[in-house]
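Okay, so here's the structure we're looking at.
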Amino acid sequence: MIRFTNASLEYARGTVALHDVNLFIARREFVFLTGPSGAGKSTLLKCIYMDERPDSGEVKVGATSSLTATRTDVAKLRRKTGIVFQDFRLLEDRTVEQNVAFALEVIGAPRNTIAGKVSRVLTQVGLASKTTALPRELSGGEQQRVAIARALVNDPFVLIADEPTGNLDDRATRGIFQLLRDISASGTAVVMATHNLDLVRRSDYRTIELTHGEIVFDSASIAAPTGVALLDDDAGMTEAVL
Amino acid sequence: MSLATREALVSFRRAPLLSALSITTIAFSLFAFGLFGLVVLNIRQALETVSERVEIRAFAYDGTDSRSVAAAVAEISAYPEVLRADVILPQEALERARREMGEFKDVFESAFLPTAIEVRLKPGYRDPDAVQRVAGKMGAFAFVEDVRYGEDWINQLHRIRNIAGATGMVLGLAFAIVAVIIIGATIRMAMMARAREIEIMRLVGATDGFIRRPFLIEGAIKGTVGGALALGLTWFATSVIERYLSFDTVFFDTRLAVAGVIAGAVIGLAGSMVSVSRQLRQA
Ligand SMILES: Nc1ncnc2c1ncn2[C@@H]1O[C@H](COP(=O)(O)OP(=O)(O)OP(=O)(O)O)[C@@H](O)[C@H]1O
Ligand SMILES: [Mg+2]
């Protein structure tokens, strides 16, 4: 469903953000993306929603290829990829339900379908009682739920989360993580970049580690002999994987 | 009201000064076009009416035989440019001169006026070129001593018309360029003010076309308002001229007036299109 083939990306000032990345993520999979700051996690996620495209190699998401996609193709792709960030990115002057409805309005969804979808997805993320609140009246965890609701309202096949719990305390983090697990369980793939190794350890989801733009560990290839050698730099992760 | 239109109207509230400025420059652009366009239109009209009286006169030498004059008149009448050619005998010329210039009656006592051929041109040929051509041919008759026509003022009117047309073009274009620049700046500011929204729109899969739409509508609305304003201004200017210079003028017909307003919309649209496309490509 998502395939990186020899994908490399270098930013303007000569920073190598991705180097020869080969990766396949299947439908319904839950994938953690870890690695030190600057390793290229956000860049890899951007390649999935085609905010960036590799300089060489290819990224293919569904039927959309980074080699051939037009701007309109990318827009269409994003309707099927939900995206959430550490900083929520909500519209401060709109209520919870308006924020979620926005995602439907701007893709020209039929107006009479919007209210129903919005209320369904807000119930799903546990915010049915906060529909008319403004973002600043919500806790960080609640704001992230709004962002997730907005990402889900178009029934994406993958939810891309770039450090979704980066701004949250432990309790809120657990809540958001549980929500992402539920989303994954209901059939949506989740690709989540995170620095929170606790989360990674406590679950047995696939984990991919990046360093300097290269995949240095992928728990999915643990069976392969080359994968084992890569496990030594993070004992905790090795534990979780084994 | 559609989402896009609502968004477009919001920006008027957000940047009223810049919006007013863009509308004003569009209005000035079209006002310049309109005013000088009207000058051209009115001069053309004037040339039309005045030139109904455009005539070329060939004066015969004293004692020219009336048969050769008649033959020449027949020949001249057959020129494609010529509406009619008449012989004016000295007696008639004298009477007419007395009628037209009563005060100088005495001057015209004696019959010193020569026989003349008077030619009027067909409507399509009342321009300096045709006049000169026909005058030249008339001058070629052996008995013709002198050919006179309103050479100077016809040329003058044509020159004024051309200058007015060019001035209108240049001023109008200059203002149009300024209008496009100001509208571009307004749109750029509006897009910056809405950067967060635009970012989220792109994130959730809005197409460029959708994102662009409210800004294009905004530009078109401003342009239309500017065009209507220009039309009002030109109309006001002509009525002032009519009142104080007691001068009959022609105004644009409906088709031209509508075209002017549409031109405003086009300027507005062009300004926002350029700016929005550039912004979207950068983002
Ligand atoms: N727009 C950009 N222009 C230039 N360089 C960039 C840009 N975005 C990222 N980089 C650089 O590319 C490298 C990878 O960045 P990226 O944001 O993908 O890392 P990351 O793994 O997400 O880091 P973090 O954990 O801090 O979020 C870094 O060295 C970063 O400085
Ligand atoms: Mg990052």
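Each value in this text was obtained by applying a stated rule to the coordinates, not by laboratory testing. Keep in mind that what you see is a predicted model, and the values were worked out from it rather than measured. Cβ: placed from backbone, ideal geometry, glycine included. Neighbour counts: every protein chain shown.
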Q. Along the charge dipole of chain B, which of B:204, B:163, B:244 sits closest to the positive end, that is, farthest toward it, with unit charges on the beta carbon of Lys, Arg, Asp and Glu (+1, +1, -1, -1)?
A. B:204
Q: In whole Hz, with x marking every Gly and Pro, tabulate ³J(HN,Hα) for the range A:41-46 from phi via Karplus 6.51 cos²θ - 1.76 cosθ + 1.60, θ = phi - 60°.
A: 4, 4, 5, 4, 4, 4
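With n ≥ 4 as the cut-off for DSSP H runs, can you work out [θ] at 222 nm for chain B, using -39500 (n - 2.57) per run divided by the number of residues, rounded to the nearest 500?
-25000 deg cm²/dmol
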**Q.** Check: the range B:115-193 dipole with +1 on Lys, Arg Cβ and -1 on Asp, Glu Cβ, in debye
**A.** 360
**Q.** Per-residue ³J(HN,Hα) for the range B:248-258, Karplus 6.51 cos²θ - 1.76 cosθ + 1.60, θ = phi - 60°, Hz, x for Gly and Pro
**A.** 6, 10, 9, 9, 4, 7, 4, 4, 5, 4, 4
Q) Mind listing the phi-derived Karplus ³J(HN,Hα) values for the range A:164-169, rounded to whole Hz, using 6.51, -1.76 and 1.60 with θ = phi - 60°, and x for any glycine or proline? A) x, 10, x, 9, 10, 6
Q. Charges only on Cβ, +1 for Lys and Arg, -1 for Asp and Glu: so what's the dipole of the range A:86-153 about the Cα centre, in debye to the nearest 20?
A. 220
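Pull out the extension gain between residue B:249 and residue B:13, defined as 0.36 nm times the separation in residues minus the alpha carbon to alpha carbon distance; nm, one decimal.
81.0 nm
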Q: Would you mind working out the magnitude of the charge dipole of the protein assembly as shown relative to its Cα centre, with +1 at each Lys and Arg C-beta and -1 at each Asp and Glu C-beta, to the nearest 20 Debye?
A: 1560
(Q) Using a 10 Å cut-off around each Cβ of peptide B:191-204, what is the average number of partner chain Cβ atoms that fall inside? (A) 5
Q) Of A:96, A:49, A:37, which is farthest along the charge dipole of the range A:23-109 in the positive direction, counting Lys and Arg as +1 and Asp and Glu as -1 at C-beta? A) A:49
**Q.** Positive dipole terminus of the range B:55-148, leading residue within B:117, B:128, B:93 (C-beta point charges)
**A.** B:128
Q: Scan around residue B:79 for amide H atoms under 5 Å from its own, H built in the peptide plane at 1.01 Å from N, and keep only partners 5 or more places away or cross-chain.
A: none
Q: On a 0 to 90° scale, report how tilted helix B:151-193 is relative to the longest principal axis of chain B, with both axes built from alpha carbons and the result rounded to the nearest 10.
A: 0
Q | Fraction of beta bridges assigned by DSSP in the protein assembly as shown that are antiparallel (%, nearest 5) | A | 65
Q. Got a sec? How would B:149, B:244 order by Cβ neighbour count within 10 Å, fewest to most?
A. B:244, B:149
